[in-house]
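For reference, the structure discussed in these notes is given below.
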Amino acid sequence: MSATEEQVDHIKQAVERWNAGPVAKLLAKFPEQRAKFVTASDRQVERLYAPEAATIDRYAEKLGLPGEYPFTRGVQPTMYRGRFWTMRQYAGFATAEESNQRYRYLLEQGTTGLSVAFDLPTQIGYDSDDPMAAGEVGKVGVAIDSLADMETLLDGIPLDRISTSMTINATAAVLLAMYIAVGEKQGVPPEKLNGTIQNDILKEYIARGTYRFPPGPSLRLISDIFAYCTEKVPNFNTISISGYHIREAGSTAAQEIGFTLADAICYVDTALQAGLKVDDFAPRLAFFFAAHSDLFEEAAKFRAARRLYARIMKERFGAVNPKSLMLRFHTQTGGVTLTAQQPDNNVVRVTIQALAAVLGGTQSLHTNSKDEAMALPTEESVTVALRTQQLIAYESGVTNTVDPLAGSFYVEKLTDDLEVEAEGIIKLIDARGGMVAAIEQGFVQKQIEESAYRYGQSIDNGERVIVGVNKFTGDEPPTINLFEVPESTTQRQLDKLRGVRASRDVARVEAALAAVKQAAVGSENLMPPILAAVRAYATVGEICSTLAGVFGEFSESTN
Amino acid sequence: MNAAVKPRILIGKPGLDGHDRGAKYVAQILRDAGFEVIYTGIRRSPEQIVDTAVQEDVAAIGLSLLSGAHLALFTRVLELLHDRGADDIVVFGGGTIPPKDIPRLKEMGVAEVFTPGTPARQIVAAIDDCLLHHSVM
């Protein structure tokens with residue numbers, strides 16, 4: 001027994017005595033509020049946590065130092081003492097004109113990066129005049145049909161200085177090509193562009209639903225992007241492997257880590273099979289997680305994810321570049337935790353969640369607005385959400401030291417337990433033949449659905465309290481101004497699209513689309529022909545239907 | 001009410017919206033309440049949803065939408081039901097629906113709209129009510 005183990009043993013004995021003595025006596029008179037205490041993810045929580053010897057005896061292996069393997073304490077040595085996280089508010093609606101104005105407003109208010117929300121037709125690869133786009137144009141994000149829209153969207157925004165995150169998956173190659181093309185027009189070469197494309201198709205099959213092509217060709221597109229960007233757009237994060245939507249769909253915190261890292265493993269495997277070298281592309285892999293309200297569990301989740309990922313990249317894939325081992329992540333507060341009832345309460349929820357993300361060492365953060373259980377946010381509510389981040393950064397003091405929760409007996413135990421559980425989930429996926437097979441079997445979807453059902457039931461039966469929803473409810477209807485997408489949006493977008501189609505060089509478009517088709521049939525990298533098509537003002541819909549003609553369309557099977 | 005006589009309900013996701021947590025949850029609580037529930041899966045056209053509803057002879061259709069396209073897509077489903085002479089099918093809906101759209105949806109013929117946070121028992125009771133009321137008419 002080590003000296004630490006001996007000391008820890010004494011403390012544990014003292015805790016046992018305390019539980020059996022004074023606590024038991026007190027409980028006889030004053031029972032605790034519930035028989036069992038659990039986290040938001042149903043993890044049982046003890047009354048009191050005692051130190052673990054391993055935290056000291058295996059300190060280097062479990063925690064290490066910030067900026068060093070296994071990165072449990074953070075990916076940079078000085079963290080927020082050096083620079084705050086990027087304050088990046090996801091935004092986009094109606095046409096490129098309106099969204100451009102919102103971005104300029106957000107930058108004036110102190111956001112430090114852009115985050116583009118595209119409408120569903122753009123995300124799935126339908127033009128605004130496609131029958132499939134009916135009712136959806138400009139609704140959940142901005143409508144982008146061609147390079148002309150992207151030029152308007154980014155007008156006056158210096159792409160060599162502002163980093164842009166684009167939530168785009170099935171059609172990521174097309175939108176990335178448009179971003180590169182706008183950069184060219186601004187005189188910014190691709191190697192100077194900074195930003196992120198989400199490009200995470202696996203979680204679309206699992207939880208988010210904006211897939212277009214089947215898994216095989218979708219993974220090929222992703223590998224093509226990795227290869228192309230490694231050479232030509234080296235500062236772009238080529239993927240943002242997302243647990244956020246898995247969590248939104250109902251997973252637990254451990255499932256969020258486990259399924260997300262299992263997705264990461266699949267992407268790395270695919271790229272290796274395509275002949276890439278792990279240390280060439282892995283430094284550009286980024287992550288995206290949710291932050292929910294269970295403060296300590298969420299902060300521990302980020303720490304556990306960092307440690308587990310570092311180990312996977314080192315031990316499973318033999319990566320040696322420290323940047324390949326770092327899990328860098330964006331966080332968004334939990335959309336699903338917002339309530340339509342008493343919407344002001346959401347400001348408080350978002351504060352707790354944002355704090356969890358910062359305590360967990362996030363690299364960038366989106367804070368939700370209070371009105372988002374009902375509609376897209378108003379400018380006013382987005383401003384409060386942004387101010388919440390600024391308050392945490394400048395007033396709360398939590399940024400003054402690196403990894404301030406380290407050494408909390410509870411947080412370290414949560415970190416350990418979440419890592420073990422997530423690793424177990426990855427083993428389950430491995431046993432099913434990897435993530436694509438597990439998705440095709442419906443395994444991942446089913447696991448998430450079951451967690452969502454348990455969570456919903458715990459609210460419906462009152463075991464779990466949601467303030468303003470199943471307790472402390474009020475009668476008064478919410479009087480709140482909600483944002484509305486202008487009714488004229490669809491017509492204006494259709495007019496613009498018609499104008500583009502009428503003014504472009506049709507022969508050039510046709511030749512470019514033929515080249516896209518040829519590349520899709522063969523095995524050459526798809527990015528150069530897609531970029532050429534984009535430059536010729538081929539539309540998102542034209543490029544994607546060309547690809548779908550070769551790749552086929554994916555459709556969810558239901559039971 | 002005897003579980004065996006409870007009617008069949010279709011839960012549908014019209015349009016391009018992929019958020020199906022609510023749809024799946026409502027499908028399950030209705031099953032728990034004894035209904036036979038068919039879930040369409042995501043990204044179905046109004047035509048596909050109405051075809052399935054008519055083929056499966058459902059008593060009600062629940063439409064879930066979080067993309068803001070509810071006015072366009074719920075309207076289309078109601079039109080198609082009318083065209084098919086299937087007006088007797090009760091239509092209810094849910095999702096991120098702004099309060100001010102709810103009266104408009106009800107005028108169009110949507111029987112009930114359930115916004116986020118509506119308790120399961122309230123949803124089940126409202127649907128029981130709608131179907132009972134409907135069958136009496």
Self-check item: Beta bridge orientation in the protein assembly as shown: antiparallel %, DSSP, nearest 5
Solution: 5
Exercise. Quick one: divide the alpha-carbon radius of gyration of the protein assembly as shown by 2.2 N^0.38 Å and tell me what you get.
Key: 0.97
Quiz item: Going by accessible area, probe 1.4 Å, with all protein chains left in place, what is the ranking of A:142, A:398, largest first?
Solution: A:398, A:142
Practice problem: Give the angle, between 0 and 90 degrees and rounded to the nearest 10, that separates the Cα long axis of helix A:172-186 from the longest principal axis of the Cα atoms of chain A. | Solution: 70
Quiz item: Put a dot 7 Å past each Cα toward the Cβ at residue A:550 and residue A:495; how far apart are the dots in nm?
Solution: 3.7
Quiz item: Averaged per residue, what accessible surface does segment A:124-243 expose to a 1.4 Å probe, in Å²?
Solution: 24
Practice problem: Indicate the residues belonging to segment A:457-473 that lose 10 Å² or more of solvent-accessible heavy-atom surface (probe 1.4 Å) upon moving from the chain alone to the assembly of all protein chains, ignoring ligands and nucleic acids. | Solution: A:457, A:460, A:469
Quiz item: Using a basic spin-label model with each label point 7 Å from the Cα along Cα→Cβ, how many nm lie between residue A:6 and residue A:280?
Solution: 5.5
Quiz item: Roughly how tilted is helix A:540-551, in degrees to the nearest 10 and between 0 and 90, from the longest Cα axis of chain A?
Solution: 80
Quiz item: Which semi-axes, in whole Å and largest first, does the equivalent ellipsoid of segment A:510-559 have when worked out from the alpha carbon gyration tensor as the square roots of 5 times its eigenvalues?
Solution: 23, 13, 8
Quiz item: Angle, helix A:489-503 long axis vs. longest principal axis of chain A, Cα atoms, 0 to 90°, nearest 10?
Solution: 40
Quiz item: residue A:511 to residue A:192: FRET efficiency via 1/(1 + (r/R0)^6), r the Cβ-Cβ distance, R0 45 Å, to the nearest 0.05?
Solution: 0.95
Quiz item: For peptide B:9-19, how many partner chain Cβ atoms fall within 10 Å of a residue's Cβ, on average?
Solution: 5
Exercise. Using 0.36 nm per residue of separation minus the Cα-Cα distance, give me the extension gain between residue A:273 and residue A:379 in nm, one decimal.
Key: 33.6 nm
Practice problem: Compute the Cα gyration tensor for segment A:58-117, then decide on rounded, prolate or oblate, letting a ≥ b ≥ c be the square roots of its eigenvalues: rounded whenever a/c is under 1.5, prolate when a/b is larger than b/c in the other cases, and oblate in all that remain. | Solution: prolate
Quiz item: Given a 1.4 Å probe and the protein chains all in place, what does the accessible area of residue B:129 round to, in Å² to the nearest 10?
Solution: 100
Quiz item: Shape call for segment B:83-137 from the C-alpha gyration tensor, a ≥ b ≥ c root eigenvalues: rounded (a/c under 1.5), prolate (a/b greater than b/c) or oblate?
Solution: oblate
Quiz item: What is the packing order of peptides A:262-268, A:63-69, taking the mean over residues of other C-beta atoms within 10 Å and listing the highest first?
Solution: A:262-268, A:63-69
Quiz prompt | Among B:93, B:85, B:12: highest mean-square fluctuation, GNM of chain B, C-alpha pairs under 10 Å | solution = B:85
Quiz item: Taking all protein chains as present, what is the carbon and sulfur share of the accessible area of the protein assembly as shown, in % to the nearest whole number, probe 1.4 Å?
Solution: 53
Exercise. Go through A:388-394, A:431-437, A:149-155 and give me the packing order, highest mean Cβ count within 10 Å leading.
Key: A:149-155, A:388-394, A:431-437
Practice problem: Please sort by residue number the trypsin sites (Lys or Arg not before Pro) in segment B:1-61 whose DSSP state is loop and whose Cβ has at most 15 other Cβ atoms within 10 Å. | Solution: none
Exercise. Might you tell me the accessible area per residue for segment B:1-105, computed with a 1.4 Å probe and given in Å²?
Key: 37
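Give me the compactness ratio for segment A:387-507, meaning the Cα radius of gyration over 2.2 N^0.38 Å. Could the numbers behind the result be given before it?
On the way: Rg = 25.0 Å, N = 121, 2.2 N^0.38 = 13.6 Å.
In units of the globular-protein estimate, segment A:387-507 measures up at 1.84.
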Quiz item: How big is the accessible area of residue B:87 in square angstrom, nearest 10, if you roll a 1.4 angstrom probe over the protein chains?
Solution: 90
Exercise. Can you tell me the equivalent ellipsoid semi-axes for segment B:1-101? Use √(5λ) from the Cα gyration tensor, largest first, whole Å.
Key: 20, 17, 12
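Report, in listed order, any pair from A:314/A:427; A:232/A:496; A:203/A:277; A:471/B:6; A:277/A:323 with a Cα-Cα distance greater than 20 Å.
A:232/A:496; A:203/A:277; A:471/B:6
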Exercise. Enter the accessible area of residue A:427 (Å², nearest 10), with the probe set to 1.4 Å and all protein chains included.
Key: 130
Quiz item: With the calculation restricted to Cα positions, what are the radius of gyration and Dmax of segment A:372-450 in angstrom?
Solution: 19.9, 49
Practice problem: Give the percent of DSSP beta bridges with both residues in segment A:71-460 that are antiparallel, rounded to the nearest 5. | Solution: 0
Quiz item: What is the packing order of peptides A:202-214, A:316-328, A:4-16, A:236-248, taking the mean over residues of other C-beta atoms within 10 Å and listing the highest first?
Solution: A:236-248, A:202-214, A:316-328, A:4-16
Exercise. Please average, across the residues of A:138-148, the number of beta carbons from any other chain that are within 10 Å of each residue's own beta carbon, and give a whole number.
Key: 2
Practice problem: Please identify which residues in segment B:90-127 have an amide N closer than 20 Å to a label point set 7 Å out from the Cα of residue A:34, following the Cα→Cβ vector. | Solution: B:117-121
Quiz item: Of B:83, A:417, which has the most accessible area and how do the rest follow, probe 1.4 Å?
Solution: B:83, A:417
Exercise. Once you have a ≥ b ≥ c as the square roots of the Cα gyration tensor eigenvalues for segment A:71-460, tell me rounded if a/c is under 1.5, and otherwise prolate or oblate according to whether a/b is larger than b/c.
Key: rounded
Quiz item: When the accessible area of each residue in segment B:89-137 is compared between its chain alone and the complete protein assembly (1.4 Å probe; ligands, DNA and RNA ignored), which residues differ by at least 30 Å², being lower in the assembly?
Solution: B:96, B:98, B:99, B:100, B:116, B:117
Quiz prompt | Solvent-accessible surface ranking, highest first, for A:85, A:18 at 1.4 angstrom | solution = A:18, A:85
Exercise. Can you pull out the buried accessible area for chains A and B, both sides counted, probe 1.4 Å, rounded to the nearest 100 Å²?
Key: 2800
Practice problem: At q = 0.34 Å⁻¹, what is the base-10 log of I(q)/I(0) for segment A:173-216 according to the Debye formula with one equal point scatterer per Cα and no solvent? Please give it to two decimals. | Solution: -1.23
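Could you state the per residue volume, in Å³, of the convex hull enclosing the Cα atoms of segment B:54-124?
91
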Quiz item: Over all residues in A:484-492, what is the mean tally of Cβ atoms on other chains that come within 10 Å of each residue's Cβ?
Solution: 1
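The values are calculated or read from the model by the stated rules, or taken from the named source; none is laboratory data. These figures come from a predicted structure and were not determined experimentally. Ideal geometry is used to build each Cβ from the backbone, glycine not excepted, and the neighbour counts take in all protein chains shown. Surface areas here come from the heavy atoms of the whole protein model, side chains and all, with no ligands, DNA or RNA. Shrake-Rupley method; radii C 1.70, N 1.55, O 1.52, S 1.80 Å.
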